[in-house]
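Student: I'd like to ask some things about the structure below.
The values are calculated or read from the model by the stated rules, or taken from the named source; none is laboratory data. Every value quoted in this text rests on a predicted model; they were computed, and no experiment measured them. All Cβ positions, glycine included, derive from the backbone under ideal geometry; neighbour counts span all protein chains shown.
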Amino acid sequence: MGAARRGNETGATVTTSLVFYGILGIASTVAAFAVNRRLFAGGQAGPVSVLEGTYYAVGVCSLLLGWYFNVRYVHLYGHRASYINYTKMLFSNWAADSAAQDYTIVNLVLMPLWTITEGRRRGLRWAWIFFVMSLFTSLAFSVAFFLAFMERQRRYNESLAPSITA
């Protein structure tokens with residue numbers, strides 16, 4: 001009976017951590033939409049384009065797939081599930097090491113440089129939020145949503161530019 005109780009407590013802790021990181025992922029995504037609401041209100045950027053919709057669809061699919069594996073990882077490792085353990089496990093063999101170093105460099109170095117620099121150039125507000133989002137959702141989700149927002153920002157900027165038809 002004591003073992004069953006410990007299992008339930010571990011399950012509650014595991015579920016609490018998943019909910020906590022899920023809330024942070026939702027909060028960072030909502031923040032991206034909130035601070036850039038001008039892109040979605042007033043119709044200046046138009047309806048969702050096929051390209052923009054494709055980015056959103058890929059992002060959501062990657063989020064669901066990633067969270068499927070993350071939930072399994074957290075439930076399997078319980079209290080040992082952490083960012084440190086997760087990162088160590090990425091480097092488990094030479095093939096995984098190669099992919100893991102790519103993922104780590106892209107997510108922790110290139111993603112913030114790219115989103116902040118390119119976002120500022122195009123007028124996207126809080127472009128750094130996509131890096132934060134990647135820490136709580138997935139890299140593919142945050143890249144896909146950044147690309148969708150950039151596509152919408154491009155159309156928004158074009159709607160503000162004076163027409164040269166006269």
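Student: Looking at segment 21-47 only, could you name the residues that are farther than 25 Å from G66 by Cα and surrounded by 12 or more Cβ atoms within 10 Å (Cβ to Cβ)?
Tutor: Residues satisfying the conditions are V35, N36, R38, L39, F40, Q44, A45, G46.
Student: Does any residue in segment 143-164 that is of a type in the set (V, I, T) and crowded, with 19+ Cβ neighbours inside 10 Å come within less than 8 Å, Cβ to Cβ, of a residue that is at pLDDT 95 or above and part of a helix (DSSP H, G or I) six or more places away or on a different chain, and which pairs are these?
Tutor: As it stands, the answer is V143/G59; V143/M111; V143/F130; V143/S134, since those pairs meet every condition given.
Student: Follow-up question, since we're still on this one. State whether the residues of segment 39-55 include one that is of a type in the set (D, E), modelled with pLDDT under 90 and assigned to a helix (DSSP H, G or I).
Tutor: No, segment 39-55 contains no residue that is of a type in the set (D, E), modelled with pLDDT under 90 and assigned to a helix (DSSP H, G or I).
Student: Here is a follow-up. Any idea which residue in segment 24-38 is farthest from the chain's Cα centre (by Cα), counting only those that are of a type outside the set (A, V, I, L, M, F, W, C) and in a helix (DSSP H, G or I)?
Tutor: Ranking the candidates gives R38 first.
Student: Name the residue that is farthest from L90 (Cα to Cα), counting only residues in segment 108-140 that are assigned to a helix (DSSP H, G or I), touching a residue at least 24 places away in the same chain (Cβ under 8 Å) and of a type in the set (S, T, Y).
Tutor: Looking at the filtered set, the residue picked out is T115.
Student: Taking the options F130, F91, name whichever one is aromatic (F, W, Y) and farther than 17 Å from Y55 by Cα.
Tutor: Going through F130, F91 in turn, just one is aromatic (F, W, Y) and farther than 17 Å from Y55 by Cα: F91.
Student: Let me ask something else. Find all pairs meeting these conditions: Cβ atoms under 7 angstrom apart; at least six residues apart or on different chains; first residue within segment 96-107 and free of Cβ contacts under 8 Å to residues at least 60 places away in the same chain and surrounded by 12 or more Cβ atoms within 10 Å (Cβ to Cβ); second residue not in a helix (DSSP H, G or I) and not small (G, A, S).
Tutor: D97/F91; A100/F91
Student: Of all the residues that make up segment 44-79, how many are without any contact (Cβ under 8 Å) to a residue 12 or more places away in the chain and more than 19 Å from F145 (Cα to Cα)?
Tutor: 5
Student: Within segment 123-142, take every residue that is among the aromatic types (F, W, Y) and surrounded by fewer than 20 Cβ atoms within 10 Å (Cβ to Cβ) and give me the one that is nearest to the chain's Cα centre (by Cα).
Tutor: F136
Student: Give segment 48-60 a look and list any residue that's surrounded by fewer than 13 Cβ atoms within 10 Å (Cβ to Cβ) and of a type in the set (G, A, S), or say none.
Tutor: If the condition is that a residue be surrounded by fewer than 13 Cβ atoms within 10 Å (Cβ to Cβ) and of a type in the set (G, A, S), then A57 is the only one that fits.
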